[in-house]
Structures are given as structure tokens and as C-alpha cells.
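Student: Take this structure, written in C-alpha cells, and hold onto it; I'll ask about it next.
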Amino acid sequence: MVGRSLVETTWDVVVVGGGNAALCAAITAAEKGASVLILEGAPKPYRGGNSRHTRNFRCMHRGPLSVLTDTYEEEEYFQDLLVVTKGKTDEGLARMAIRESEACLPWMEAHGVRFQPSLSGTLSLSRTNAFFLGGGKALVNAYYNTAEDLGVRAVYEAQVVHVGLEDGRFTHVEVELGGETLRVEGKAVVLAAGGFQADIDWLARAWGPSARNFLIRGTPYNRGVVLKDLLDQGAESIGDPTQCHAVAIDGRAPKYDGGIATRIDCVPFSIVVNRDGQRFYDEGEDVWPKRYAIWGRLVAAQPDQMAYAIIDHKSIDLFMPTVFPPVKAETIEGLAQRLGLPAPALKETVEGFNRACREGTFHPTELDGLATEGVSPEKTNWARPLDTPPYYGYLLRPGVTFTYLGLKVDETARVTGQNGRYANIWAAGEIMAGNVLGEGYLAGFGMTIGTVFGRIAGREAADHVL
Amino acid sequence: MSSDAATPSLLQFAGDAEGEAALAEARRQIEICNACRYCEGFCAVFPAMTRQKAFSDGDMTQLANLCHNCRGCYYSCQYTAPHEFDLNVPGILAEVRQDSWSRCAWPAALGRVFHRHGVAVAAALVTGFAFLLLLIQSLRPEAGQGFYAFLSHNAMVAVFLPAFLLPLAALAVGLRRYWREVGGSPLRGRHLVAAFKDAAVLRNLDGGQGQGCNFEKGDRYSNERRFAHQATLYGFLLCFAATSVATLMHYLFDMPAPYGLFSLPKLLGLSGGLLLCLGTLRLAMLKARGERDLGAPRVWGGEMAFVLLLFFVSLSGLVLYAASGTAIGTGAVSWLLALHLGSVLAFFLLTPYSKMAHGFYRLAALAREAQQREAKP
Ligand code: SF4
Ligand code: SF4
């Protein structure tokens, strides 16, 4: 029934995907007068892809803007991006996205998004990142309502399995809906269907078999079906196909969709051991916001892709609460038992570590230089002996946030094929984020990419059609 | 607050397994929120939650009573069903809040009956009518002006003074129990001022930025419920003021009723009655539209009955006024008077055991929150 009304029309703009980038494109195109169809693969409660789990938008501003204080100029923003990507970015595209972000914020507000001052525990982002009131799902809801008011048609559980091309032109999509495969025709298409991180088989092929033990922090619906279909048809790719962004998260989190609440911030105040009760890296190398990303890889390299962060009572109030209560015991042996670790090995590790701790001033919020002496690996900051029961333990696993492989686009978000740019195919969001984010991650930058390129794609697609 | 395991249970559930299960479930959900915090901007519950890592039973009671059921944190939550975290914070806090009112009510058995059962509220109402009717028929005074021609001033006072004071005494016991449960410290004037300020504008139902709540329009915001509630609240207060002014005029200035249209009691009473009538009608309509599972479904009937009772109080008062001003027979007026006074009586007596109690516990929760904010901003 739903299907019939979709196939009877030739839509001006078909938007594949239903997250932030898709919605920005749909709204922009609809405001220009185009008839717009959103095909969201997820069921309605899970609509919005990974945007559901986001919380802020990194925004350039030359003066105070909405909830943002002070200034955050293009150059500083770009340097921040260079640091995390180690130069793996397209400077032209990146700078364009950064400059455009300033105009995005008022546009977002005008389309229903509400901002709030930075959340407790995120003071460091109050100048650079504008937080959404209620988080990413509130933003997604606001955009769907705006889109609905503009007459955009949104269909859920509509998985696009193929994008039809003829001589470098998009003609139709094949979409699975209610057990049927339908052919939906359109004059232009915006691809905003995310990366492939939820396809564990693909992840395992790209990264290695250990990826099967990774947790996926975001939506289970980003399986890269559209990305793969386009690449198979000769679209140009960008970004390292073997890499994904992974952080260390609570090992008890659900396989998919655990989101922000599963993060664990205690590592700098802990010792982290592997399955065999052995430490393997300097837990105090730097402040946590600068280190959580490398711990995803570190844990991924350990046996069974698991590790255990262990603290004592002194540290329990020094970090954000965790989604599940920690495992707790009065003795190290007791804790080892509860965590399923070899007790003698853990005891030895803790005793060795404790002996290596020195006197000094402990300062939880800055690099305090309180380092170990004579233990390997050393801990270079916040090294205090674990000697005050109760002891607490957290299981860590790698949690995948997104993948880098994507479609190559130009500054108008148009997708590039073997013979140059396609006539009527645009891409926005995670499916093309690799163009500007070749490595690492910058908090809130995913939403910047989605919003900037989503709006451009929507505008260009509508202009092409109308 | 120590972050160690939750302090031992302060509450006597007396085998109330359901209540304990709700508390445990609420704690599970709040711990997830405390690790997430996306909803910090909606209301006072989230900033209050972030002051601790572990939640005692008293903490949960306090958070539940601070929640105004705006539902913003439901529609914005990325962890609602079918997600395995299965969050429904407004729903579970409504359950815990409801349990706390039943538990604190004195006597508690009455709380359990009237909160839940609309039928019980209706029965109380009918009993109120019957009682008043009987009174009017058996005690019809020889002489008297206006309504006092049907029921003497002294008889009215004899019925309504205890009907007003006894529930207040019962409420006071309940509030004391509440205060001990949440570990409140001695109350200062500034805490009450803060509480009244919040309640005056229903700050915790404004969505944090004045856009309103998500009560009846799903994930779209709306201020309708907030406005309907405030019409009800201020309408009620105006009616209450009218009665108070009339009492003062009667005793202090020897100016007994009836009063003319442009007298203070009538102006206050009429405007209050109208506001109350419209406010409660709107509240009932909105309640019919809102999703029941985001409140406490088991008390939906009791809540609805209470709103309708309040609507009936105001409507019967207005009709009575209109009728007494015209030449309708005294028979009709005596019936209307019995209906109105009977409903007022039922309303007064049910106050500690019905939704009406929420206002008092809310104020207590807001005052406690002001205390805690002071201690740890
Ligand atoms: S209700 Fe959901 S989104 Fe809001 S704070 Fe709790 S877990 Fe986070
Ligand atoms: S329902 Fe509204 S008032 Fe209650 S906790 Fe959620 S956001 Fe706060």
C-alpha cells in the first residue's frame, strides 16, 4: 500500500538515509520547492542513524553565537582537524565545511533544533561545540517534524538495495519495503546512508577476524549497502577501507547501539590489564579526551579483544558515572575472581605497580607528572598505588564509532564516478566523511560534515531538478 | 553523597514487592541517564541526579517528585524500547512518585484506594451529595438570606471547617514523612520562596527553554498542558481567596453573604470558577490524548476522576450562581446547592489521598531541591 504511492510518482529528489545529513538535504530541497522522498532503512523508533547518538555540533564562530562563547576561528578549527587527522584531509573541502558551519547554526535553530550550554563534564567543549537540548534524537525529531510540515514524505524500514544508473545518470532506486522490492524513480538522488560499521562480516574482512569481537556503538542499520552498491558500479572511493574509528567502552554494552552512555572514563586513574592480568600500556599518557581513541586500538590488540581497568576507592568519584555499576570487591584477589582474571597474576601486577609509585602531588584534572619508577610499561601521570578497598573493575572492549571508507565528492557534494562527476548524484554525511576526516575524530565534527554537506547536496539537487 | 552502594532502605514497604520492583527499575534507568546526561537541559531532575553516583531510596523518592512528567526525556531518548536499555523515565518516575504518595499518605490505606480508583472518587462524590442533601432537608433553617436560607451559616461552618482542617492535618503528617524519607534538613524561608517561584510558572514543565512539554503531541513541544494546569491552579487559588475574603468579611466586618456581583468575594469567585472550569476541562481533554504508558497507567482512572471532580466543583458553583440570580424555584437551588457543596466536601476530604496531594509533595520536592542546590550547585 505504502509502496504503490511511492512508485506512482517520479520524485524530484530521492534521499537515501534518514539521519542528520539526509534530513538537512531533504529540508533544503523541499524549501526550494522540490518533491522529496526520504527512504530510511531503520524502523521509526530507530530512525536517524548515528545522529541519534550525537550530542553536539562543532561550529566556527567569529564572536559569541547562540550558546557558544568567545570565538573559534577558521584557522584554529582547521589546526584542530589537522592534529587529529595527521594531515589526512582535503584542505579545500575541510576549510569550506568549517566556514559554512557558522551559517549552519542559525539555520539549525530556524529549523527546530534547540541548543543548550555544554553538559556537565564537558566544560572543555563549551567554546567550540554547541550542544543539542535533549541530544541527537531531539534534533532528529525536530528535523522530521520540519520536513513533515514541508510536505516531505518519509518512509521507514525502506532499505535501498540498489541505485540505478544509466550513462552516469541516476534513474531510480530499488528499495525493499514490506517484503517487496520496488522501483522508485527520481530526478536526483542524495546518498546519506552512513558507513558500513554495522556489517560485522565486512568489518572482519577489512580489519581482521578480531573485529568480530568489537562492539558497534551506533545504529545496527549502517551496513554500507548503498556505499557498496555505488563502489561496485565504479564510483570513486576515498578513505582507508581497512580502518574504523574505535574507542574503549564498557565491555558489557550491547553489541549495537550502546551510544554515549557506554563510555568509560576511568582509565587515567586506573591500571589496565589484559586477560592474563598483565598491564600493556601507559594509562597516564595524557588526559582522557586525548587518549580514549587510541585505547580502542590498544584493547583490540589484546587477547580476546578485552581488557580490565582497575581502580581503588580513592578514584571512584574522579570520573563520570558508568552505565553499569562496576564489579566491586574488598581484595584484589576477590576482584580478580569476580572479573574472571587469574588472581595470582593480578596480585603480582598490582603489587609491582604499587611498589613503583612515588610520593608526589596528585592532580586529577591536569598532567601531574606523578609517574611510576621501575615498572614496565610505566605510568607517566596520576600513578597512585591501588591500596584502598573496595576495589573496582570495569571490562573494556573496542567500540566502533564509524568507518572511513566513503564516496569521493567535490565541493558541491557531487559524487565522482569513473568518468568524472555523476550528473545527478550527491552524497552527504558519514558516507562521504572520509573526504575530510581521513583519520581520528574531532568531537562534533561528524555533525558539521553532515549538516554542511547535507544542505549543499539538497540545494544542488533541487537546483538541478527545478 | 558517597558513591558507595546505596544506603540501606529507609522505606518500609511492608511486603510491597511491586513498590520495591518499581524502585529498583527506576534506579536502573536513572543510572543509565547519569552516564548519558543528554537531557540535562529539560528540568531539575537531571542536574539533581548528577550530584551523586549512587541513589538511595530517599534519593529516588525525591527525584520522582521533582519530575513533572513533561516527557521530554522520553521522546528525546535514544534508549527507549525496542532498545534493550528500554528507558521510560517519565513512566517509571511516575510509578515511584505515586508509590511515595500512597506510602506517605495518612492513613495510607485511603491513599491506596483513591489514587487508583476513579470509581472510589465517584462514590465519595455521591456520598458527599447525599450527605448534604440530607443536611439541607433535615436542618432547613427558619430564616436566612441567600444560600443560608437552605443551610445555616453555622451548619456550614460545622461541616466544612473540620472537612478543611482534618485533611490539612493529614497532609502535614504525609509531608513530614516525605521530608524524613528524602533526608531534608531544616527548612528556611528562602527554600520555600524558591519552591513557590518554580511552581508559580511551572518551570519544570516548560521544557527548559519555554517551548513546553511533550504531553499530548508526541515529540512536538506544546505549552497547552502547562497553561491548562496554571488556569486550574490559579482558578483554584482565586476560589479559595474568595472564600477566605468572605469569611473575613463575615467575622471581622460583620458583612454576611450574600454579596453583590461587584463585591470582592464574587469577583474572585467568579473569575476563579471560570478559570478552574476551563482549566480542568482542558486538562481532561489533554489527558485523554497523552500516552498513558508515559505516566502511571494504574492511576489513570483515579487521576482523571479527580480532574473531573474539580471540574464538577467549578461547574456546579457557576451554575448555582447563575441559578440563584434568576427566578428558578427554590427547589432547584436546594438541589444545586447540595450538588455543589457535596462535591466541595468530597474534594476537601480526598485532598490528601488524591492527585490533589501532588501539589504539596511537589512543593516539598522543589524546596528540598533548593536546599540541595545550595549545598552542591
Ligand atoms: S532519558 Fe535517555 S537521553 Fe535522556 S539522559 Fe536518560 S538516557 Fe540520556
Ligand atoms: S519527564 Fe520531564 S520533568 Fe520528568 S524527568 Fe523527564 S524531562 Fe524531567
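The values are calculated or read from the model by the stated rules, or taken from the named source; none is laboratory data. Predicted model, so just to flag it, every value in this text is computed and none were measured. Using ideal geometry, Cβ is built from the backbone for each residue, glycine included, and neighbour counts are taken over all protein chains shown. To get the accessible areas, we keep the full protein, side chains included, count just its heavy atoms, and leave off ligands, DNA and RNA. Shrake-Rupley method; radii C 1.70, N 1.55, O 1.52, S 1.80 Å.
Student: Out of all the residues in segment A:122-129, is one or more within 16 Å of ligand 1 (Cβ to nearest atom), hydroxyl-bearing (Ser, Thr, Tyr) and either outside the structural domain of A:Val287 (by TED's automatic domain parsing) or at pLDDT 95 or above (or both)?
Tutor: Within segment A:122-129, one or more residues are within 16 Å of ligand 1 (Cβ to nearest atom), hydroxyl-bearing (Ser, Thr, Tyr) and either outside the structural domain of A:Val287 (by TED's automatic domain parsing) or at pLDDT 95 or above (or both).
Student: If you don't mind, there's one more thing I want to ask. Of all residues in segment A:184-200, which are over 23 Å from A:Asn424 (Cβ atoms), in contact with a Phe, Trp or Tyr (Cβ under 6 Å, 6 or more places away or on another chain) and outside any loop (DSSP other than H, G, I, E, B)?
Tutor: Correct list: empty.
Student: Can you confirm whether B:Cys73 is at the interface with chain A (Cβ under 8 Å from one of its Cβ atoms), open to solvent by less than 50 Å² (accessible area, probe 1.4 Å), hydrophobic (A, V, I, L, M, F, W, C) and not in a loop (DSSP other than H, G, I, E, B)?
Tutor: It is true that B:Cys73 is at the interface with chain A (Cβ under 8 Å from one of its Cβ atoms), open to solvent by less than 50 Å² (accessible area, probe 1.4 Å), hydrophobic (A, V, I, L, M, F, W, C) and not in a loop (DSSP other than H, G, I, E, B).
Student: Scan segment B:56-70 for residues that are of a type in the set (Gly, Ala, Ser) and within 14 Å of ligand 1 (Cβ to nearest atom) and report the count.
Tutor: Of all residues in segment B:56-70, those of a type in the set (Gly, Ala, Ser) come to B:56, B:58, B:64.
Subset that is within 14 Å of ligand 1 (Cβ to nearest atom): none.
So the answer is 0.
Student: In the set B:Gly72, B:Gly111, B:Gly58, which member is outside the structural domain of B:Ala22 (by TED's automatic domain parsing) and not basic (Lys, Arg)? So that I can check it myself, show each step before the final result.
Tutor: On the way: B:Gly72 fails: outside the structural domain of B:Ala22 (by TED's automatic domain parsing); B:Gly58 fails: outside the structural domain of B:Ala22 (by TED's automatic domain parsing).
So the residue among B:Gly72, B:Gly111, B:Gly58 that is outside the structural domain of B:Ala22 (by TED's automatic domain parsing) and not basic (Lys, Arg) is B:Gly111.
Student: Only one of (1) of a type in the set (S, T, N, Q); (2) within 30 Å of A:Val84 (Cα to Cα); (3) open to solvent by less than 10 Å² (accessible area, probe 1.4 Å); (4) more than 26 Å from the chain's Cα centre (by Cα) fails for A:Asn424. Which number is that?
Tutor: (2)
Student: Ok, one more. Given the criterion outside the structural domain of A:Arg95 (by TED's automatic domain parsing) and open to solvent by less than 50 Å² (accessible area, probe 1.4 Å), identify the matching residue among A:Leu346, A:Leu367.
Tutor: Exactly one of A:Leu346, A:Leu367 is outside the structural domain of A:Arg95 (by TED's automatic domain parsing) and open to solvent by less than 50 Å² (accessible area, probe 1.4 Å), namely A:Leu346.
Student: B:Gly58 - would you say it is open to solvent by less than 20 Å² (accessible area, probe 1.4 Å) and either within 16 Å of ligand 2 (Cβ to nearest atom) or of a type in the set (Ser, Thr, Tyr) (or both)?
Tutor: Judged against the criteria, B:Gly58 is not a match.
Student: Please give the number of the condition B:Asp254 fails out of (1) at pLDDT 95 or above; (2) surrounded by fewer than 15 Cβ atoms within 10 Å (Cβ to Cβ); (3) on the phi > 0 side of the Ramachandran plot.
Tutor: All conditions pass for B:Asp254, except number (1).
Student: Follow-up question, since we're still on this one. Given the conditions (1) part of a loop (DSSP other than H, G, I, E, B); (2) more than 14 Å from every other protein chain (Cβ to nearest Cβ); (3) touching a residue at least 12 places away in the same chain (Cβ under 8 Å), and given that B:Tyr79 satisfies all but one, which numbered condition is not satisfied?
Tutor: Only one criterion is unmet by B:Tyr79, namely (2).
Student: All but one of (1) modelled with pLDDT of 95 or more; (2) near ligand 1 (Cβ under 10 Å from one of its atoms) hold for B:Arg37; state the number of the condition that does not hold.
Tutor: Here B:Arg37 meets the rest and fails (1).
Student: Are any of the residues in segment B:47-55 assigned to a loop (DSSP other than H, G, I, E, B), among the hydrophobic types (A, V, I, L, M, F, W, C), more than 10 Å from ligand 1 (Cβ to nearest atom) and more than 12 Å from every other protein chain (Cβ to nearest Cβ)?
Tutor: Among the residues of segment B:47-55, not one is assigned to a loop (DSSP other than H, G, I, E, B), among the hydrophobic types (A, V, I, L, M, F, W, C), more than 10 Å from ligand 1 (Cβ to nearest atom) and more than 12 Å from every other protein chain (Cβ to nearest Cβ), which makes the answer no.
Student: Please pick out the residue among A:Ala246, A:Ala261 that is outside any strand (DSSP E or B), modelled with pLDDT under 95 and crowded, with 24+ Cβ neighbours inside 10 Å.
Tutor: The conditions single out A:Ala261.
Student: When segment B:71-84 is examined, which residues are found to be over 29 Å from the mean Cα position of the chain (by Cα) and more than 7 Å from ligand 1 (Cβ to nearest atom)?
Tutor: B:Ala81, B:Pro82, B:His83, B:Glu84
Student: Of all strands (runs of 3 or more DSSP E) completely enclosed by segment A:35-149, which ones contain at least 3 residues that are closer than 30 Å to A:Glu176 by Cα and more than 14 Å from chain B (Cβ to nearest Cβ)?
Tutor: A:36-39
Student: Got a number for residues in segment B:162-192 being more than 18 Å from the chain's Cα centre (by Cα) and closer than 25 Å to B:Ala109 by Cβ?
Tutor: Adding up the residues that qualify gives 4.
Student: Given the conditions (1) modelled with pLDDT of 95 or more; (2) outside any loop (DSSP other than H, G, I, E, B); (3) under 30 Å from A:Ala188 (Cα atoms), report the number of the one that A:Glu411 does not fulfil.
Tutor: The failed condition is (2).
For every residue, the table says whether it meets (1) open to solvent by 10 Å² or more (accessible area, probe 1.4 Å); (2) more than 15 Å from the chain's Cα centre (by Cα); (3) modelled with pLDDT under 95.
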residue: B:Gly279; (1), (2), (3): no, no, no
residue: B:Met285; (1), (2), (3): yes, yes, no
residue: B:Leu294; (1), (2), (3): no, yes, no
residue: B:Gly302; (1), (2), (3): no, no, yes
residue: B:Ala327; (1), (2), (3): yes, yes, yes
residue: B:Ala338; (1), (2), (3): no, yes, yes
residue: B:Leu341; (1), (2), (3): yes, yes, yes
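Student: Could you identify the single residue in B:Gly208, B:Gly212, B:Gly218 that is of a type in the set (Gly, Ala, Ser), under 30 Å from A:Gly134 (Cβ atoms), open to solvent by 30 Å² or more (accessible area, probe 1.4 Å) and within 14 Å of chain A (Cβ to nearest Cβ)?
Tutor: B:Gly208
Student: Go through (1) open to solvent by less than 20 Å² (accessible area, probe 1.4 Å); (2) without any contact (Cβ under 8 Å) to a residue 24 or more places away in the chain; (3) under 30 Å from B:Phe46 (Cβ atoms) and name the single condition B:Ala155 misses.
Tutor: Condition not satisfied by B:Ala155: (3).
Student: Right, next: Would you point out which residue out of A:Glu76, A:Glu91 is in the same structural domain as A:Phe57 (by TED's automatic domain parsing), within 25 Å of A:Pro289 (Cα to Cα) and without any contact (Cβ under 8 Å) to a residue 12 or more places away in the chain?
Tutor: Step by step, each of A:Glu76, A:Glu91 is checked, and only A:Glu76 is in the same structural domain as A:Phe57 (by TED's automatic domain parsing), within 25 Å of A:Pro289 (Cα to Cα) and without any contact (Cβ under 8 Å) to a residue 12 or more places away in the chain.
Student: Moving on to the next point. Filter segment A:312-323 for residues that are surrounded by fewer than 19 Cβ atoms within 10 Å (Cβ to Cβ) and assigned to a loop (DSSP other than H, G, I, E, B); which is farthest from the other protein chains (Cβ to nearest Cβ)?
Tutor: Across segment A:312-323, the extreme among qualifying residues is A:Leu318.
Student: Taking the condition of being in contact with a Phe, Trp or Tyr (Cβ under 7 Å, 6 or more places away or on another chain) and assigned to a loop (DSSP other than H, G, I, E, B), how many residues in segment A:440-466 meet it?
Tutor: Here the count works out to 1.
Student: Do we find a residue being in a loop (DSSP other than H, G, I, E, B) and closer than 20 Å to A:Val15 by Cβ anywhere in segment A:427-439?
Tutor: Yes, because at least one residue in segment A:427-439 is in a loop (DSSP other than H, G, I, E, B) and closer than 20 Å to A:Val15 by Cβ.
Student: Let me ask something else about it. Exactly one of (1) assigned to a helix (DSSP H, G or I); (2) within 14 Å of chain A (Cβ to nearest Cβ) is unmet by B:Leu87. Its number?
Tutor: For B:Leu87, the exception is condition (1).
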